[in-house]
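Chemist: The structure follows.
The values are calculated or read from the model by the stated rules, or taken from the named source; none is laboratory data. Please read all numbers here as calculations on a predicted model, not as lab measurements. All Cβ positions, even for glycine, are placed from backbone atoms using ideal geometry, and neighbour counts span all protein chains on display.
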Amino acid sequence: MLQTTALDILKMGRNVFLTGAPGTGKTYVLRSYVRYLRDHGVFPVLSSPTGIAASHIGGMTIHSCFGLGHVEEVPSPSYLKRALGKPLVRRRLSGMQVLIVDEVSMLSPVLFETMDLMLRLAKEKDVPFGDVQVVFSGDFFQLAPVSRTREEIRYAWQTPLWEALGFHTCYLHEVYRQRDGELLTLLEEIRCGNVSEGSMDALRRRYRRLPKVLVEPTKLYTHNADIDRINAERLEALDGRSATFLMKEQGPPDKTKKILSSSLLSPALQLKVGAAVMFIKNSPQGEFINGTMGTVLDFDEEDGYPLVETEGGLIHATPLEWLMEDEEGKTEAKVTQVPLRLAWAITVHKSQGMTLDAAEIDLSKTFEPGQGYVALSRLKTMDGLMLMGMNQVALLVDEVVSSYDAQMRRLSEYIEGRFSEADVLDVQVTQRSFLLAAGGEK
């Protein structure tokens, strides 16, 4: 589908699933639609499952938007009502007319269903998402969110709720992004499950060869053990001032252990001046997000906490709290620690949503289809790649996603055909009617 067609369908107020390969302009279409709505007095809520992805569209995380803590199962009605008891959250949800979620591949089925229940309550309408226009954008060839409760349902599209929303699938197919054609060809071939010999040759040419860009490559590996080893070696090699920050725990050990298992917290965080670090929690004041990268410049003279240089400026990284709450909102356990981890190397999973100029990628221990696709799609060009190795799983994608993707392509073609037959005047009337219904102006 063309970008212009997708934009016209969005303007009609339809629920839309916007998808397509890297470079086809999904983010461009979203931004164009947001600009159109704002120009006509409608203010959409922009959100994403992660801080990095949310920052790309100028939005907030879904958890912040909906006032949620960490949810592994769909919360009880009392929990939902308590979340809606926060005045800012209630105003945001009750006044919501359009919800735009980017990087929907990272949206877990549990969080998806929780959002639905909260909007039904806030809007006092027992229909999917409280009759809000829902716009989801993303690429399900990215890695699915980790689920500890529903292994058989890994993706939001596998739930009955997805079908109930009646999405108009807009599958963009024209590549617009000024990006390395060699890389885009490889990514499309991985999606189709048929990597050509030409693309394999392109990968072989990048085997253990330094990237042709003047930045230090981020190291992407598939296993935490490799990440920890590389980061420890790089830290050991530094001669700068050192400091160790000990985690503080409150509550039963089984509860605090659960907090640790669902985060990237380090019980004893050792840092040195010059260390590459990544923030692992969103700042309550908005100074940084989960995934912000930086370098330890020094340690504060008064409290000793790290001073981290980031693209956005110097940040005083003081401890934050990780909480586990019961259904009534009472704190069962609490962990306090400086929200940083070493980041010369990060996992492929953690890299989702990032765009990198250069990366050293090791796919020799790939264990999950899609990991190679995710790692390679972080890059802007093939010249930015240093490939350390890959195994037979590296270029595979999830067969379930491949089947769904083929279905979405066909559905998009059908919708595009129907739209091309629609009367232009009828389309314009529908678009104007939606603006008025959403509280905007013609």
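Chemist: Report whether or not Leu143 is under 21 Å from the mean Cα position of the chain (by Cα), modelled with pLDDT under 95 and part of a loop (DSSP other than H, G, I, E, B).
Modeler: yes
Chemist: Taking the conditions exactly as written (in contact (Cβ under 8 Å) with a residue 40 or more places away in the chain, assigned by TED's automatic domain parsing to the domain that holds His349 and assigned to a loop (DSSP other than H, G, I, E, B)), does Arg234 satisfy them or not?
Modeler: Answer is no for this residue.
Chemist: Let me ask another. Considering only helices (runs of 4 or more DSSP H) fully contained in the range 30-87, which possess at least 3 residues that are within 19 Å of Lys330 (Cβ to Cβ) and out of contact with any Lys or Arg (no Cβ under 8 Å at 6 or more places or on another chain)?
Modeler: Because the criterion is at least 3 residues that are within 19 Å of Lys330 (Cβ to Cβ) and out of contact with any Lys or Arg (no Cβ under 8 Å at 6 or more places or on another chain), the helices (runs of 4 or more DSSP H) in the range 30-87 that meet it are 77-84.
Chemist: Also: May I ask you to verify whether Gly198 is at pLDDT below 90, surrounded by fewer than 16 Cβ atoms within 10 Å (Cβ to Cβ) and not β-branched (Val, Ile, Thr)?
Modeler: So Gly198 does not fit the description; no.
Chemist: Next up: Which residues, taken from the range 75-116, are polar (S, T, N, Q) and out of contact with any helix residue (DSSP H, G or I) (no Cβ under 6 Å at 6 or more places or on another chain)?
Modeler: Of everything in the range 75-116, those that are polar (S, T, N, Q) and out of contact with any helix residue (DSSP H, G or I) (no Cβ under 6 Å at 6 or more places or on another chain) turn out to be Ser76, Ser78, Gln97, Ser105, Ser108, Thr114.
Chemist: If you check Glu182, Glu163, which single one turns out to be more than 20 Å from Gly384 (Cβ to Cβ) and either aliphatic (A, V, I, L, M) or not in a loop (DSSP other than H, G, I, E, B) (or both)?
Modeler: Criteria check complete, one pass: Glu163.
Chemist: State whether one or more residues within the range 304-318 are modelled with pLDDT of 85 or more, at positive phi and either assigned to a loop (DSSP other than H, G, I, E, B) or surrounded by 20 or more Cβ atoms within 10 Å (Cβ to Cβ) (or both).
Modeler: Yes, the range 304-318 contains a residue that is modelled with pLDDT of 85 or more, at positive phi and either assigned to a loop (DSSP other than H, G, I, E, B) or surrounded by 20 or more Cβ atoms within 10 Å (Cβ to Cβ) (or both).
Chemist: So, in the range 240-277, how many residues would count as being closer than 18 Å to Asp298 by Cα, outside any strand (DSSP E or B) and either without any contact (Cβ under 8 Å) to a residue 24 or more places away in the chain or among the aliphatic types (A, V, I, L, M) (or both)?
Modeler: Total satisfying the criteria: 2.
Chemist: May I pose another question? What is the one condition in (1) at pLDDT 85 or above; (2) in contact with a Ser or Thr (Cβ under 8 Å, 6 or more places away or on another chain) that Leu165 does not satisfy?
Modeler: For Leu165, the failing item is (2).
Chemist: Within the range 366-381, count every residue that is modelled with pLDDT of 90 or more and either touching a strand residue (DSSP E or B) at 6+ places or on another chain (Cβ under 6 Å) or more than 17 Å from Thr347 (Cβ to Cβ) (or both).
Modeler: The qualifying residues number 2.
Chemist: Checking the condition surrounded by fewer than 16 Cβ atoms within 10 Å (Cβ to Cβ), touching a His at 6+ places or on another chain (Cβ under 6 Å), under 25 Å from Ile9 (Cα atoms) and not aromatic (Phe, Trp, Tyr), which residue from Glu441, Glu421 passes? Full working, then the answer.
Modeler: Numbers: Glu421 fails: touching a His at 6+ places or on another chain (Cβ under 6 Å).
The conditions single out Glu441.
Chemist: Hey, could you check the range 88-121 for residues that are among the hydroxyl-bearing types (Ser, Thr, Tyr) and over 16 Å from the mean Cα position of the chain (by Cα) and say which is farthest from Leu165 (Cα to Cα)?
Modeler: Across the range 88-121, the extreme among qualifying residues is Ser94.
Chemist: Name every residue in the range 21-42 that is in contact (Cβ under 8 Å) with a residue 12 or more places away in the chain, of a type outside the set (A, V, I, L, M) and farther than 26 Å from Arg409 by Cα, in order of residue number.
Modeler: Those that are in contact (Cβ under 8 Å) with a residue 12 or more places away in the chain, of a type outside the set (A, V, I, L, M) and farther than 26 Å from Arg409 by Cα: Tyr36, His40, Gly41.
Chemist: Of Gly85, Gly41, Gly23, which residue is modelled with pLDDT under 90, on the phi > 0 side of the Ramachandran plot and outside the structural domain of Pro284 (by TED's automatic domain parsing)?
Modeler: Only one candidate qualifies: Gly23.
Chemist: The conditions are (1) out of contact with any Pro (no Cβ under 9 Å at 6 or more places or on another chain); (2) surrounded by 17 or more Cβ atoms within 10 Å (Cβ to Cβ); (3) closer than 24 Å to Ala202 by Cβ; (4) not hydrophobic (A, V, I, L, M, F, W, C), and Glu360 fails exactly one of them. Which is it?
Modeler: (1)
Chemist: Within the range 28-47, identify whether any single residue is farther than 16 Å from Phe288 by Cβ, within 12 Å of the chain's Cα centre (by Cα) and crowded, with 17+ Cβ neighbours inside 10 Å, and answer yes or no.
Modeler: For the range 28-47, residues farther than 16 Å from Phe288 by Cβ, within 12 Å of the chain's Cα centre (by Cα) and crowded, with 17+ Cβ neighbours inside 10 Å: present.
Chemist: While we're on this one: Among Gly440, Gly353, which is on the phi > 0 side of the Ramachandran plot and in a loop (DSSP other than H, G, I, E, B)? Walk me through how you get there before you give the answer.
Modeler: Numbers: Gly440 fails: on the phi > 0 side of the Ramachandran plot.
On inspection, the qualifying residue turns out to be Gly353.
Chemist: Within the range 44-76, track down each residue that is of a type in the set (Ser, Thr, Tyr) and either more than 16 Å from Val132 (Cα to Cα) or assigned by TED's automatic domain parsing to the domain that holds Phe288 (or both).
Modeler: Within the range 44-76, Ser48, Thr50, Ser55, Thr61, Ser64, Ser76 meet the criteria.
Chemist: Another question, then. Tell me which residues, restricted to the range 212-228, are surrounded by 13 or more Cβ atoms within 10 Å (Cβ to Cβ) and touching a Phe, Trp or Tyr at 6+ places or on another chain (Cβ under 9 Å).
Modeler: Correct list: Thr218, Lys219, Thr222, His223, Ile227.
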